[in-house]
Every structure is written in C-alpha cells, then in structure tokens.
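Participant: Attaching a single structure in structure tokens format; questions to follow.
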C-alpha cells in the first residue's frame with residue numbers, strides 16, 4: 001500500500017471517489033457504517049495497519065475535506081502485535097527508521113511539538129501539514145516502537161499543545 005498516498009487522503013470521507021478508489025485498489029472493501037461500534041476502525045490487508053474513521057469530525061475540531069459521514073481521521077501503525085506487526089515504510093521520509101533518535105533526525109528541521117516520558121514510555125509528537133504524527137515507544141530510551149499514529153488535527157491536539165489552534 002502506498003502510505004504517502006494514503007496520508008494525502010486523511011480528512012476525506014469514505015465515499016470520496018479518490019479515497020474509495022485507493023482503498024479498493026489496496027484490497028480494502030470494508031467501509032464504516034452507523035451499525036458499527038465506535039471507534040470506526042477498518043483493518044487493511046497490510047499487517048499492523050488500520051484506518052480509523054470519525055462520524056462527527058466538526059464536533060472534534062477536525063477539518064473535513066469532502067462530503068460524507070465517515071471521515072478518515074487516523075492511520076494507525078501497530079508495532080507491538082505479535083500476529084499483525086507493521087513492517088512497511090513509515091511516512092514523511094522516516095522509512096524503515098524505528099528508534100526515536102533516528103526518527104527525530106529524519107524529521108528535522110521539524111521540531112517535535114511534544115516529548116512525553118510518562119508511564120515508563122516515550123512519546124514523541126510532530127505537527128506537519130495539518131496532521132499530528134505520534135511515535136510511542138515502550139521504553140524511555142526510544143528503542144522499542146509500540147505504535148505510530150498519523151491523525152488529523154483536532155481539539156485534543158490543540159488543547160495539549162500538539163498542534164496550533166490556527167492553520
């Protein structure tokens with residue numbers, strides 16, 4: 001799956017032609033529906049890669065890019081699951097890099113918007129082009145990557161200083 005193309009489609013609804021065509025071409029046939037339980041998560045054929053949809057983006061302070069109920073607001077890369085671990089490339093030029101120091105170096109000159117070391121974990125977040133990218137490690141040295149999230153900016157991100165209010 002072309003991760004950079006997928007990232008460019010964050011903010012579009014599941015019925016938006018370009019997103020729908022991309023998902024079909026990638027073998028993803030399931031779409032969220034009102035009968036599903038929240039969160040509206042769609043697993044892909046790529047191990048460890050999930051897509052999350054929101055049915056009230058405006059209520060959460062997200063900027064939608066197309067009409068339709070369910071907006072793709074997050075891409076989740078799971079590095080912890082033994083059965084379904086993500087092994088592909090990460091977006092924004094990070095590629096196969098996995099340690100926190102390598103990730104920070106790869107994303108320069110972008111400065112992390114937050115580095116959190118609570119709960120014996122290290123979390124490093126960046127704000128890029130209306131998206132919040134979060135790298136979560138299961139150790140304080142930033143060597144064991146648990147997950148990566150690429151999310152559309154929302155009220156929570158703004159409130160916690162992970163994204164600016166404007167822009």
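The values are calculated or read from the model by the stated rules, or taken from the named source; none is laboratory data. All values derive from a computational prediction rather than experimental measurement. Cβ placement follows ideal geometry from the backbone for every residue including glycine, while neighbour counts extend to all protein chains displayed.
Participant: For residue 25, indicate whether it is at pLDDT below 95 and closer than 29 Å to residue 89 by Cα. If you could, list the steps in order and put the result at the bottom.
Facilitator: Values: at pLDDT below 95: no; closer than 29 Å to residue 89 by Cα: yes.
So residue 25 does not fit the description; no.
Per-residue answers, yes or no, for (1) more than 16 Å from residue 79 (Cα to Cα); (2) surrounded by fewer than 18 Cβ atoms within 10 Å (Cβ to Cβ); (3) touching a helix residue (DSSP H, G or I) at 6+ places or on another chain (Cβ under 7 Å):
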position	(1), (2), (3)
125	yes, no, no
129	yes, yes, no
132	yes, no, yes
143	no, yes, no
153	yes, no, no
165	yes, yes, yes
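Participant: State which residue is nearest to the chain's Cα centre (by Cα) when the search covers only the range 55-77 and only residues that are over 18 Å from residue 146 (Cα atoms) and touching a residue at least 60 places away in the same chain (Cβ under 8 Å). Please lay out each step first, then the result.
Facilitator: Of the residues in the range 55-77, the ones over 18 Å from residue 146 (Cα atoms) are 55-73.
Imposing the further condition that a residue be touching a residue at least 60 places away in the same chain (Cβ under 8 Å) reduces the set to 57, 60-63, 71-73.
Working: 57: 15, 60: 16, 61: 16, 62: 14, 63: 15, 71: 13, 72: 10, 73: 7 Å.
Within the range 55-77, the match that is nearest to the chain's Cα centre (by Cα) is 73.
Participant: On the given criteria, is residue 161 touching a strand residue (DSSP E or B) at 6+ places or on another chain (Cβ under 7 Å), at positive phi, surrounded by fewer than 17 Cβ atoms within 10 Å (Cβ to Cβ) and in a loop (DSSP other than H, G, I, E, B)?
Facilitator: Yes; evaluated as a whole, the condition is true for this residue.
Participant: Then there's this: Any residue in the range 151-164 that's in contact (Cβ under 8 Å) with a residue 60 or more places away in the chain: show its pairings with residues that are assigned to a helix (DSSP H, G or I) at Cβ separation under 8 Å, as long as the two are six or more apart or on different chains.
Facilitator: Within 8 Å, the pairs are 151/157; 154/60; 155/60; 156/60.
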